[in-house]
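Worksheet for the structure shown next.
The values are calculated or read from the model by the stated rules, or taken from the named source; none is laboratory data. Values in this document were obtained by computation on a predicted structure and should not be read as measured data. A quick note on method: Cβ atoms are made from the backbone with ideal geometry, for glycine too, and the neighbour counts reach across all protein chains shown. Each accessible area value is taken on the protein alone, full model and side chains, heavy atoms only, with ligands, DNA and RNA left out. Shrake-Rupley method; radii C 1.70, N 1.55, O 1.52, S 1.80 Å.
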Amino acid sequence: MPQLAFDIGFFTELPKLQPPVRKGVLDAWEKFNRLTLDQLFKDPGLKLESLTNAKDKQIRTIRIDQFWRGVVLAPDSGDTFVLLRVMQHDKAIDWAKKQKSSINAVTRAVEIRDAATLDEITPAYERVAETSPKQRLFAKFSDGGLKTLGIDDETLRQARSLVDQDQLDVFAPLLPQDQREVLQYLAAGCTVEEVWQDIVAPALQASTQPVDTQDYETAIHHSRARIALVTASEELRDILEKPFAAWRVFLHPSQRKVAYRASYSGPAQVTGGPGTGKTVVALHRVKHLLGHLRDGDRILLTTYTNALVNALRSGLESLVDDPELRERVDISTVDGFASRVVAEAPGAVALRPLMHNEEESRWGKAAKATGFTGSAQFLAQEYRHVILAQDIRTLAKYEAADRRGRGSRLTAAQRPLVWETVQRFTAGLAEDGARTWLRTCAEAARLLEEKGPQYRHVVVDEAQDLHPAQWRLLRAAVPARPDDLFIAGDPHQRIYDSKVSLKSLGIKVSGRSVKLRKNYRSTQEILRWSTALLVGRPIAELEDENRNDTLLGYRSALHGDGPAVHAAATEESELDALVTRIRAWMDAGVGAGEIGVSTRFNKTCTKTVAHLKAAGIPAAPLRAADKAGEVTTVRVGTMHSFKGLEFRCVAVIGVNEDALPFPKAVTPPDVDAKQHETDMLSERCLLFVACTRARDSLYVSWSGAPSAFLSEAGV
C-alpha cells in the first residue's frame, strides 16, 4: 500500500506554511493512503509529475493547491514516497530539477544533494584551490579514510576542492546530509574515529545486511533521523497544527543510541550545546525506563526552574500516551522535591523559603552581632561555596575545609569567627521560621540518607546549574545501581554559579558520558554569532571541574539569515523598533506564540509588555502566559526565565553596558578575584543562553552604549 513519508527538510520549513497549505498536505497524504500506485500516478488532482531536464527522474512534484507544489522522492521500486519540500509553484519546479537522490553506501540512509549547483560551482573552487597558498581543508585525511565514513566519489571531489571553513559553509547546504555531517565534524577537528562513533556506528547497528544502493524502500526505513513515517491522520494533523514542535519527531541515531540503550552500569551523562536535543533525549530515556519498571518503582524527572518543569510535563505527555504510566513519574524542581521530603518528615514544621533580597541583610546583622568585619557578600558566598557545598556541620570540619576555588584569603585564625557568624545566621533563620533553598536541600539529603531512597531512577535536566547540596539530595534519592541517574546538561549554559564536580560527589559517569554536537534548533548563522560570545573562555566540565569543556564540532544543519542588531538612542525608541520587528515577523506568517522577547530585568519586561499591547500586539509575561496555557501571545521574560525554552523568533533587548554585565551580579575583584571571573562568565553565558533560544530569527538591540560582550564578539 502506498504511503507518503516526510523529510526533516519539510518539517523545518513547515512553520512558514499557511493553514490552507498545511491542509493541502494532509489531503495529499490521505490520497497516498487511499489510492493504489496506479491510481496515484493517474490522479488528476495530485498530478504526480515527472520533470524535464531534471537531475533525477525519481524526484517529482505533486499539487498541494493552485499555487503550491510538493517535491517528492518517488523511487522506481517500493511503495514509500517522501515529501521533501512544499514551495510556491515555480520555486518548487526549479528546486526539484536541481536535486539528486542517493543511498549512502555506509550509513544506509537516503540522501538528497543539490547536484546542479554543485556541478556548477565545483570547477571554480578547484581552480581557486590550485593557486591558493592554503593547505586543502581535508588534506590530512586519505581518500580511503573518507570513504569509510560514507563519502562518495562526487562529494570526495568537492571536498578536495575546499581550502577553508568558509568554503565548506558555502557547500554544506548543498551536500548529501550524512556526508555533510561527516565533513563538518572533520573540519571542526574531530578524528575519523570520533566521526565513525557518532555517525556511522549508530547506523550500522540497525542492520548487518549488505547495503543495496538501489533499495530505497529499505533505505527510507533506515533514515529515521531525517524521515518520519506517519501512520495516522490524527498524528499528522497534530504535527501540522503545531509546526514549531514538529522536528521533535526525529531522534538522530546518536541520540537514539543514548536514549534507548538497554541499560547503563551506573550514572550516565549526555552533554551538548543549546539545541542539541539533550532534553528530548532525557524525555525519551524516561519513556524507555517506564517500559522496564517493576511494581512500586517510580521515576523522578527533575530540573532547575518551574518553567522547565511545565515544559518537561508537556513533553512527556506527547511521548507517553498511557496516563497510568505517566503517573509513575514525579516531575519537579530539585528545590520542590527537597521541600516535599522535609515536609513529610516526622514532626516537620513548615518553614518559609528565604527570599534572595532578604539574605544579604540577615548576613549583615549576623556579622554585626559577632564583630566580623568582612562583607555580607563574602559570608553568603562562603556559606554557599564552602560550607553547604562540602556539607560541613562542625567547626572542626570547617577549619579543615578545602577552599580551593575561593579567591579570598581566610587565615586559620579567622575561621572560628566566620563559623560563629554562620551559626548566628542559621539560628536567626530558625527563630523566624525560615530556611534557604540550599539549606532545605541539605536537610532533605540528610533525611533520605537516614530513611533510604524513594525512586528507582532519577533523570536530571539542566544539570549544569545544580549545587553540590542538590546533587547529594539526588544521589540519596536513588540507590546506587545500574540506571540510577541519567544526567543532561551543558556547562556553557551555566548561569547560576553552581560549579560542581560530579566525580567528587561519588557520581562517576566516566565511560558512560556522551557529547551531542549537532544543533537542531538554531540556524548555523545564529549559532556562529552566539558562540562567539564564549570563544576562548574556560568552561569547566560537569564531571570534573578541573577539566574544561569545549564547543568543538558544535554546528547546525539549519541555515538562514544571520542575527539582526539594532542600536537605539533611547529605551523608548528601542521599544518602537521592537514593535516594527515583531510586526515584520508576524506579517511573514510567524504566529505571536512563536515569538519570544528576552531582557535582563523584570522591570524591562513590564515596560515591554505594556508597549507591545499599546501597539496592538498581543503580549504577556512569560510566566503568566505559561500558567494560563496561553500560546497565542508574544511572551516576554527575563533571560533567566528563558532558560531551556525555544521560539521560532527571538528578540533580545536592552543589551547595554549597564545590563550585561550587571554590576550587582558581579563580585568586585577586591572581594574575591576568582569569584569575579566566575560571575563575569555567568553573565556571558546568560546572554549566550538568551540568544540560542531562537530557531529561525534572532534580533538583538540596545539603547545607549552596547554591552562590552557584544563588541568583544565582533558586533
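Descriptive notes on the structure:
- Rounded to 10°, Cα long-axis angle of helix 602-614 versus longest principal axis of the chain: 40 degrees
- Summed side-chain charge close to VAL334 - residues other than VAL334 whose Cβ falls under 14 Å, Lys, Arg +1, Asp, Glu -1: -2
- Protection proxy ranking of 446-453, 170-177, 520-527, 91-98 - average other beta-carbon atoms within 10 Å, highest first: 520-527, 170-177, 91-98, 446-453
- Amide H contacts of VAL72 (H built 1.01 Å from N, under 5 Å, at least 5 apart or other chain): ARG60, THR61, ILE62, LEU84
- Filter on LYS287/LYS451; LYS31/LYS98; LYS603/LYS664; LYS278/LYS518 - keep pairs with C-alpha separation over 20 Å: LYS287/LYS451; LYS31/LYS98
- Relative contact order for the chain: 12 percent, from Cα pairs under 8 Å spaced at least 6 residues apart, divided by residue count.
- Expressed to the nearest 5 percent, the antiparallel share of DSSP beta bridges inside the chain is 30 percent.
- Since only VAL342, SER408, THR373 are under comparison, the one whose Cα sits farthest along the positive direction of the charge dipole of region 295-415, derived from C-beta charges on Lys, Arg, Asp and Glu, is THR373.
- Where labels lie 7 Å past Cα in the beta-carbon direction, separation of VAL631 and LYS664 in nm: 3.6 nm
- Theoretical FRET efficiency, 1/(1+(r/R0)^6), r = Cβ-Cβ of GLU399 and ALA430, R0 35 Å, to 0.05: 0.90
- For region 110-210, with all protein chains in place and a probe radius of 1.4 Å, 52% of the accessible heavy-atom surface sits on carbon or sulfur.
- Cut-off under 5 Å, modelled amide H: who pairs with VAL565 long-range: VAL700
- Backbone HN-Hα couplings from phi across region 507-516 [Karplus 6.51/-1.76/1.60, Hz, Gly and Pro as x]: 9, 9, 10, 4, x, 10, 10, 10, 10, 8
- Remark: region 431-447, residue by residue, has Karplus-estimated 3J(HN,Hα) of 4, 9, x, 10, 7, 6, 4, 5, 5, 4, 5, 4, 5, 5, 4, 4, 5 Hz, where x stands for each Gly or Pro and the curve is 6.51 cos²θ - 1.76 cosθ + 1.60 at θ = phi - 60°.
- Estimated at 0.36 nm per residue, the fully extended path between HIS89 and PHE67 surpasses their Cα-Cα distance by 7.4 nm.
- Taking the Cα centre of region 314-394 as reference, the dipole from Cβ charges on Lys and Arg (+1) and Asp and Glu (-1) amounts to some 720 debye.
- For mean projected area of the Cα convex hull in nm², calculated from these coordinates, the label among (i) 38.5; (ii) 34.2; (iii) 36.7: (ii)
- Database remark: amide H of GLY272 closer than 5 angstrom to the amide H of GLY489, LEU516 (H placed geometrically; neighbours at sequence offset of 5 or more, or on other chains; Pro and chain starts carry no H).
- Near THR523: Cβ cut-off under 12 Å, other residues only, Lys/Arg at +1 and Asp/Glu at -1. The net charge is +1.
- When +1 charges are put on Lys and Arg Cβ atoms and -1 charges on Asp and Glu Cβ atoms, the dipole computed for region 355-435 relative to its Cα centre reaches about 260 debye.
- Accessible surface of region 305-379, 1.4 Å probe, proportion on carbon and sulfur as whole %: 52 percent
- Partners for LYS140 among aspartates and glutamates (Cα-Cα distance below 15 Å; same-chain residues under 8 apart left out): ASP164, GLU193
- ³J(HN,Hα) computed for each position of region 310-318 - Karplus, 6.51 cos²θ - 1.76 cosθ + 1.60, integer Hz, glycine/proline x: 4, 5, 5, 4, 5, x, 5, 4, 6
- 9 Å beta-carbon shell around ALA203, net charge (K/R +1, D/E -1): 0
- Our summary gives region 110-210 a relative contact order of 35 percent, counting only alpha carbon pairs under 8 angstrom and 6 or more residues apart.
- DSSP beta bridge pairing in region 563-713, given as percent antiparallel to the nearest 5: 5 percent
- Every helix of 4 or more DSSP H residues in the chain counts as -39500 (n - 2.57), and over all residues that averages to -12000 deg cm²/dmol at 222 nm.
- Percent accessible area from carbon and sulfur atoms, region 563-713, protein chains only, probe 1.4 Å: 55 percent
- Projecting the Cα atoms of GLN39, ALA92, PHE138 onto the charge dipole of the chain, computed from C-beta unit charges around the Cα centre, puts PHE138 farthest toward the positive end.
- Per residue, the accessible area of the chain comes to 43 Å² when a 1.4 Å probe rolls over the protein heavy atoms.
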